[in-house]
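Worksheet: one structure, shown below.
The values are calculated or read from the model by the stated rules, or taken from the named source; none is laboratory data. The structure displayed is predicted, hence computed values, not measured ones. When we count neighbours, we look across all protein chains shown, and the Cβ atoms used for this are built from the backbone with ideal geometry, even at glycine. SASA here: full protein model, heavy atoms, side chains in, ligands and nucleic acids out. Shrake-Rupley method; radii C 1.70, N 1.55, O 1.52, S 1.80 Å.
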Amino acid sequence: MRLAEAALLFAALLFTLPYVPSHEIERLPLLPAGAIAVVLFAGSRVLRWRERYLLAAAETVVFALFVWGSNAIANLVYAS
């Protein structure tokens with residue numbers, strides 16, 4: 001069970017990494033990679049906290065804000 005939790009967590013973190021586009025674009029997209037990252041993270045938190053769904057939901061909301069923030073920062077860096 002711990003291996004599945006860790007695998008989901010690291011997969012979620014991998015999906016938060018911004019990619020380097022092969023061509024010029026205006027903004028790096030948040031979806032679908034951001035949504036996949038949040039779903040994978042939620043799965044890891046449910047495995048971690050079992051029946052403490054409110055704690056898992058709270059951590060998932062904070063992670064979703066992290067994903068949004070990292071995408072916004074990547075767009076700032078990419079634009080400059």
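Being of a type outside the set (Gly, Ala, Ser), open to solvent by less than 50 Å² (accessible area, probe 1.4 Å) and closer than 15 Å to LEU13 by Cβ is the filter here; which residues of the stretch 39-58 pass it?
Residues satisfying the conditions are LEU40, PHE41, ARG45.
What number of residues within the stretch 14-38 satisfy the criterion of being in a helix (DSSP H, G or I) and crowded, with 16+ Cβ neighbours inside 10 Å?
Final tally of qualifying residues: 7.
Determine whether ALA42 is among the hydrophobic types (A, V, I, L, M, F, W, C) and within 15 Å of GLU5 (Cα to Cα).
Yes; evaluated as a whole, the condition is true for this residue.
Of all residues in the stretch 1-13, which are surrounded by 13 or more Cβ atoms within 10 Å (Cβ to Cβ) and out of contact with any helix residue (DSSP H, G or I) (no Cβ under 6 Å at 6 or more places or on another chain)? Give the derivation first.
Residues of the stretch 1-13 surrounded by 13 or more Cβ atoms within 10 Å (Cβ to Cβ): 5-9, 11-13.
Scanning the stretch 1-13 gives ALA6, ALA7, LEU13.
Across the stretch 59-76, what is the number of residues that are open to solvent by 100 Å² or more (accessible area, probe 1.4 Å) and without any contact (Cβ under 8 Å) to a residue 24 or more places away in the chain?
First, pick out the residues of the stretch 59-76 that are open to solvent by 100 Å² or more (accessible area, probe 1.4 Å): 65-66, 68, 73, 76.
Those still in the list that are without any contact (Cβ under 8 Å) to a residue 24 or more places away in the chain too: 65, 73, 76.
Residues meeting the conditions: 3.
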